[in-house]
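Everything on this sheet refers to the single structure shown next.
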Amino acid sequence: MSVFNRLASLLQEVLQRLERDGLLPDGVDLARAGVEPPRDPSHGDAATNAAMVLAKAAGVKPRELAAAIADSLGQDPMIARVEIAGPGFINLRLADSIWREETKAILKAGVSYGDSALGAGEKVNVEYVSVNPTGPLHIGHARGAVIGDALAALLSKAGYAVTREYYINDAGNQVDVLGRSAFLRYREALGETVEIPEGMYPGDYLKPVGERLKSVHGAALAALPEDDWLPIARAAAIDSMMALVKDDLAQLGVHQDVFTSERALVEAGKVDDVHSILEEAGHLYTGVLDPPKGSKPDDWEPRPQLLFRATDFGDDVDRPLKKSDGSWTYFASDIANHLDKYQRGFAKQINVWGADHGGYVKRMKAAVTAVSGGAAALDVKICQIVRLTESGELMKMSKRAGTFVTLRDLVDAVGKDVVRFHLLTRKNDAQMDFDLTAVKEQSRDNPVFYVHYAHARCCSVARAAAEAFPEADLSVAALAAQSMEALSSEAEFAMMRKLADWPRVVEGAALAEEPHRIAYYLYELAGVFHAWWHSGNEDETLRFIVPGEESLTLNRLALVAAVRTVIASGLDVFGVTPREELT
């Protein structure tokens, strides 16, 4: 159990004891009391607001309750000093041995340090990317892919049973257009001169599809009517585009567990199931929608449609499940997708969407609640746009894609690790620039470099120690067996405290579903490490490797190894490979 979890358990034991003694009333919500590091490290190692949040229920002044809590906490060997501050905050200073033992625990756990049982094995479905299979992925898709992948990894580390999913939009008009565009490339492969009309997909990425159709079918397709060749061209194009998408994602280190086909759901009757469930529950009716807000289209007519009572579940308006011609809407298929997830055991569902889907959130959340009878809930993470720049100037478009910068262009330019880390330095709903020049800079202002530099420095220390003490056992197991008693400087304790905060950061980020918190922590951790490193430049006795002082050196090497371990643990959540050297 991590330091802060142990403190939280100790606090709950103290509060329960006060409840039994009558100082706190029965049934008071003790969980409101928390323990966390204080904003100002000079105040101590941890602080609790217990007296502030429980005093009213107890009918006493906060400082009076704080005194009782502090008295009990101070009797535990974990606690070296207790102080009551201000109106009733309680600041705690922990025994030095706590930090030394936690450093050993880090080395024994390895990169699994920070793993939590918070999720208790609850099943979670994280759906991300899920773009129409009509071309290569671009930089906007990269952000959703990275955020979804890191969120899934974070939840897994926090003890949830996570499934990563991609929903293939392979039904509807857009894939028919894709099929027709591929057929034009097929005719081109046969030797015809073709022009790609407006509304079709013009990218060169469809040329291989045309060549493949030619190699399989020869000229036979050209003689068929559209009703016959379109399903063939469409299927070939979808297969090719999904292979391209999967390969693009693999270049970014993203691998999903499940790929669900919209067309397969429709053919399996899942949309019909949605209709039956919602109709039986009384959530459907035939009605006429109001005209669109603003300027009414010239061709708009008030037509009766099958509508879902979305307003009963928090949406702004009711939503059509069928078009006026009787065919299903895209919305109906999307509900089927989420019903299928629920039927597969996912009551907790998370979707990562682009900014252009913001207006779709309320209706989808309403539908998930309705179709599951309130048993399932959908959370949607909207990813704002990313501007790709170079030295502050917008980057030119990709010739291959025709209209956008591809994900592969970006990975080729700076590497997957830089792409992943940088895209995770901001919260998903914040707009951001991705400057190809800035992410290559070797400075503190570049968090990607700064964190990698800390890990590489740890590795260089280990290499230097092996040269300085060639007979010493520098294995992780041997370092974990050190007493750590030689770790006594303020810089060393600052380092140990920051490392011990990692499990708390993991749980907090998982609860908030915010992987960018990991980037903030790693950057701060790197800063503490670099400060500790520089303290040795000012005072030779604080250097990591002290000739002739093997025991002291081994203690410090153990702490350096713990830093390396926690950085690797955090980068593992991000899907980033720690660097042992920087070039």
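Here are the numbers for the structure shown:
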item	result
Overall form of the chain per C-alpha gyration tensor (a/c, 1.5; a/b vs b/c)	oblate
Cα pair distances exceeding 18 angstrom across the stretch 144-191, given as percent	58
Computed helical MRE - 222 nm, the chain, DSSP H runs ≥ 4 contributing -39500 (n - 2.57), nearest 500	-15500 deg cm²/dmol
Segments 282-290, 452-460 sorted - mean Cβ within 10 Å per residue, highest first	452-460, 282-290
Set Lys123/Lys498; Lys108/Lys157; Lys322/Lys381 screened for pairs whose C-alpha atoms are more than 19 Å apart	Lys123/Lys498; Lys322/Lys381
Protein accessible area in the chain, 1.4 Å probe - carbon and sulfur %	49
For the chain, accessible area per residue (1.4 Å probe, heavy atoms of protein chains only), Å²	45
Degrees separating the helix 490-500 axis from the principal Cα axis of the chain, which is the longest one	40
The stretch 305-351 shape via C-alpha gyration tensor axes, a/c threshold 1.5	oblate
Selection from Trp353, Ile277, Ala462 lying farthest towards where the dipole of the chain points positive, charges on Cβ	Ile277
Stokes-Einstein D in µm²/s, Kirkwood radius over Cα pairs - the stretch 103-201 at 25 °C with 0.890 mPa s viscosity	143
The stretch 100-145 - Rg (one decimal) and Dmax (whole number), Cα, Å	18.7, 55
Angle in degrees between helix 139-157 and the longest Cα principal axis of the chain, rounded to the nearest 10	50
Partner lysines for Lys246 [C-alpha distance under 18 Å; skip if fewer than 8 residues away on the same chain]	Lys416
Relative contact order %, the chain, counting alpha carbon pairs below 8 Å whose residues are six or more apart	16
Prolate/oblate/rounded label for the stretch 250-399 (Cα gyration tensor, a/c 1.5)	oblate
The stretch 167-254 - convex hull of alpha carbons, volume per residue in Å³	101
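The values are calculated or read from the model by the stated rules, or taken from the named source; none is laboratory data. Keep in mind it's a predicted model, so treat the numbers as computed, not measured. Glycine also receives a Cβ, built like all others from the backbone with ideal geometry; neighbour counts cover every protein chain displayed. Ligands, DNA and RNA are stripped out before the accessible areas are found, and what is left, the full protein with its side chains, is counted by its heavy atoms. Shrake-Rupley method; radii C 1.70, N 1.55, O 1.52, S 1.80 Å.
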